[in-house]
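Before any comments, here is the structure.
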Amino acid sequence: MNNLLMDIYNHLPIPLQNLAVSIEGYKIQRQRYGGTFKSYVEELQESQWYAKEKLEEIQLERLKIMIKHAYSNVPYYRELFDRINLTPQGINTLDDLKKIPILEKQTLKEHMKDLIAKSISKRDLISYTTGGTTGTPLTIYTTKNAIQYNFAFGEARCKFWAGVKSGDRLATFLGRPVVPIDQKKPPFWRYNWAYNQLLFSAFHMNEDNLKYYLEELNKFQPKVIQGYVSTIHVLAKYILDHKREVVPPKAILTSSETLFDWQRINIESAFGCKVYNGYSSAELVAFISECEKGGLHISPEYGVVEFEKIDEAGEKYEIIATTLFNFAMPLIRYRIGDIVSLFEDEISCSCRRVLPLVKFIEGRVDSMLVTPEGYYISPASLSLVFQSARNIKEAQIVQIRRDRIIIRIVKDEDFSENDLEYIKKQLELRIGKNVLIEIEFVEEIKRTLAGKFRFIISEVSHEE
C-alpha cells in the first residue's frame, strides 16, 4: 500500500478500516484459494504418503520439464546454457543439476527482466517485492496458478498437519501496519470478515497494551494463531509473567524468523497448544514444514533442495534450491541465503512419511527493535519497508538507543529524495515519531566474520 492510500486508510473510522481490510482480504482469498487450489490440496494429501522412489521420480520428471522450459523460454538460461555448452538433455539426474552454476541474489537483481519467461503473457504475470530479512529488495514474478499451488502446500503440509484448515477462526500477528502507529488506545486490531480473521498490530505491543491484546484474543477465541516468532513470543512472555489465562487455540503456526527452543517452550506453555514451525521462500523454491510428530519435512514436489556446507566441523548448511512450479520466473540453483542444520545420519520420522528431514531451521538470526514506548518490533516487520522501497541495493538498521536508529543504505544511481522520504515515512508508520532516524549512505554493508548479513544490529539491552 503506497503512502497516499495508507494516509487515507489511517484517517478512516475504525468500522471503515475493518471494511477496507475485509475487501482486500476477499481479493487475496480469491487469488490464493480459488481455481485449482482444492485439487492441488487433494494431490498433496495423497503424495505425502508416497514411497521415496516415487517422490524422487516425480521430482526428476518435473525438473526435466522445468529445465526444458527455462532453456526454451527464459533468455537468461538460454544464454547461460549455450555459454557453458549445456542442453536440457544434459540434465538426466538430480545430481546433473550441479552442472548449472548457482544463481546468486545479486545476479537475480541484475538480470531480472531476462529471468522472466517470454512464453507467459504479461497480463498473466503477478509481481511482488520481497526482501525477507536481508534488506535486499527483489521483484519476483509468478502466476495465479503458481500462487494457488504454493498455498496448497501451506494447507496440506502445514495447516492440515496442525489439525486446522483455511477458514478456521484465525488470529494473526504479522508485519502489516493495520493500526495507525500514533493510536494510543485499543482496539489495536482489525477484522477481516472475508477470512474469519483478526489481525493484531505488531507495532503496539508494550507492557501497557498487552492486556488488551489478551482480552481480545480470549474474546475472539481463534482456532489457530499465526505470525512472526518474536511477536507471538512477546505476548507469550506477558501471559507467563503475569500468570494470565488464555483460551487455548488448536495450534500456533510460526514462520519468517528462527524459532528457538526456549521460545517454543514459552509459547507452548503460555497458550497450551503445540507450535508448528515452518519455512518457505518468497522466491518459491523451497518449502519445509513441521508434522504432528515434530519432524521438519522438505516437500520434494515443491522444489529441489541442495545443501552447501558452510562449516566443515558442524551440521549447518546453506540452502540452494530450484523451483518445480513457478514457470513465470524459473529460479534454478538459487542461493536463498538461509541456513538449516542437518542430521549426521539419515533418520526416519515417527509420522511414517518419508519426506526428507532437516534438524533445525536456522534462518537468519536478527535482533528485535525496541521503541521508547517499549514496543517490540520484529525484523520481518521492518523488512517490509525495504521490500517496497525503490532504488536501493541493500539496507541495514542499527539501533543505538531506544530513541535513535541509524539506517545504512547502499543506494542505486536513481535513488532520489522521494525514495528517502518514502523510507522514513514507512518507518514512522511502524516505530512512531519518537525515534530519531539517521541515514547513512554507504558503499557497502559489512558482513560478519562468517560472511553473513545482519539486517538489524541492536546495541540496546531489551532488559532496560
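Tell me the mean residue ellipticity at 222 nm calculated for the chain from its helices only (DSSP H runs of n ≥ 4, each -39500 (n - 2.57), averaged over every residue, nearest 500). If you can, show how the numbers build up before the last one.
On the way: 12 runs with 147 residues, N = 464.
Result for the chain: -10000 deg cm²/dmol, rounded to the nearest 500.
Using Cα-only point scatterers and the Debye equation, what is log10 of I(q)/I(0) for segment 290-347 at each q in 0.14, 0.17, 0.28 Å⁻¹, rounded to two decimals?
-0.46, -0.66, -1.19
Return an integer: the convex hull volume of the alpha-carbon atoms of the chain, in Å³ per residue.
Expressed per residue, the convex hull around the Cα atoms of the chain is 152 Å³.
Please report, in debye to the nearest 20, how large the charge dipole of segment 374-449 is about its Cα centre when each Lys and Arg carries +1 at its beta carbon and each Asp and Glu carries -1 there.
Charge dipole, segment 374-449, about its Cα centre: 480 debye, nearest 20.
Could you state the number of Å between the C-alpha centres of segment 265-287 and segment 342-396?
With segment 342-396 and segment 265-287 each reduced to a Cα centre, they are spaced 10 Å.
Sort 15-27, 282-294 for me by packing, meaning the mean count of neighbouring Cβ atoms within 10 Å per residue, highest on top.
Answer by packing, highest mean first, reads 282-294, 15-27.
DSSP loop GluC sites (Glu not before Pro) in segment 44-126 with at most 14 other Cβ atoms within 10 Å of their Cβ, which ones?
Of the GluC sites (Glu not before Pro), the ones in loops of segment 44-126 whose Cβ has at most 14 other Cβ atoms within 10 Å are Glu104.
I'd like the distance between the alpha-carbon centres of segment 1-58 and segment 100-168, rounded to an integer number of Å.
Centre-to-centre (Cα) distance: 13 Å.
Roll a 1.4 angstrom probe over the protein heavy atoms and tell me the percent of accessible area of the chain that is carbon or sulfur.
Numbers: 10560 of 21530 Å².
The C+S portion of the solvent-accessible surface of the chain is 49 percent.
Could I get the Rg over Rh figure for segment 102-229? Both from C-alpha atoms, Rh via Kirkwood, rounded to two places.
Rg/Rh for segment 102-229 comes to 1.06.
Could you tell me the distance between the Cα centroids of segment 418-435 and segment 64-81, to the nearest Å?
Between the Cα centre of segment 418-435 and that of segment 64-81, the gap is 41 Å.
Compute the accessible area per residue over the chain, keeping the other protein chains in place, probe 1.4 Å, unit Å².
46 Å²
Can you list the equivalent-ellipsoid semi-axes of segment 1-147, largest first and in whole Å, using the square root of 5 times each Cα gyration tensor eigenvalue? Please report the intermediate quantities before stating the final value.
Numbers: eigenvalues 265, 107, 37 Å².
Taking √(5λ) for each Cα gyration eigenvalue gives 36, 23, 14 Å.
On a 0 to 90° scale, report how tilted helix 379-388 is relative to the longest principal axis of the chain, with both axes built from alpha carbons and the result rounded to the nearest 10.
70 degrees
Could you work out how much longer the chain between Lys243 and Leu16 gets when fully extended? Use 0.36 nm per residue separation minus the Cα distance between them, nm to one decimal.
78.2 nm is the gain from fully extending Lys243 to Leu16.
Points 7 angstrom from Cα along the Cβ direction at Lys425 and Arg352: gap in nanometres?
5.7 nm
Specify the angular offset, from 0 to 90 degrees and rounded to the nearest 10, of the alpha carbon long axis of helix 229-241 from the longest principal axis of the alpha carbons in the chain.
40 degrees
How large is the charge dipole for segment 28-71, taken about the Cα centre, if only the Cβ atoms of Lys, Arg (+1) and Asp, Glu (-1) carry charge, to the nearest 20 debye?
With only Lys, Arg, Asp and Glu charged at Cβ, the dipole is about 300 debye.
Compute the length gained on full extension between Lys446 and Lys122: take 0.36 nm times their separation in residues and subtract their Cα-Cα distance, giving the result in nm to one decimal. Don't skip to the answer; put the middle values down first.
Values: separation 324, 0.36 × 324 = 116.64 nm, distance 3.79 nm.
Contour length minus Cα-Cα distance gives 112.8 nm.
To the nearest 20 debye, what is the magnitude of the charge dipole of segment 249-386 about its Cα centre, counting +1 on the Cβ of each Lys and Arg and -1 on the Cβ of each Asp and Glu?
460 debye
How far is helix 210-220 tilted off the main Cα axis of the chain, in degrees rounded to 10, range 0 to 90?
The helix 210-220 is inclined about 70 degrees to the chain.
The values are calculated or read from the model by the stated rules, or taken from the named source; none is laboratory data. Remember, predicted model here, so these are calculated numbers, not experimental data. When we count neighbours, we look across all protein chains shown, and the Cβ atoms used for this are built from the backbone with ideal geometry, even at glycine. Please note that ligands, DNA and RNA were not included when accessible areas were found on the heavy atoms of the full protein model with its side chains. Shrake-Rupley method; radii C 1.70, N 1.55, O 1.52, S 1.80 Å.
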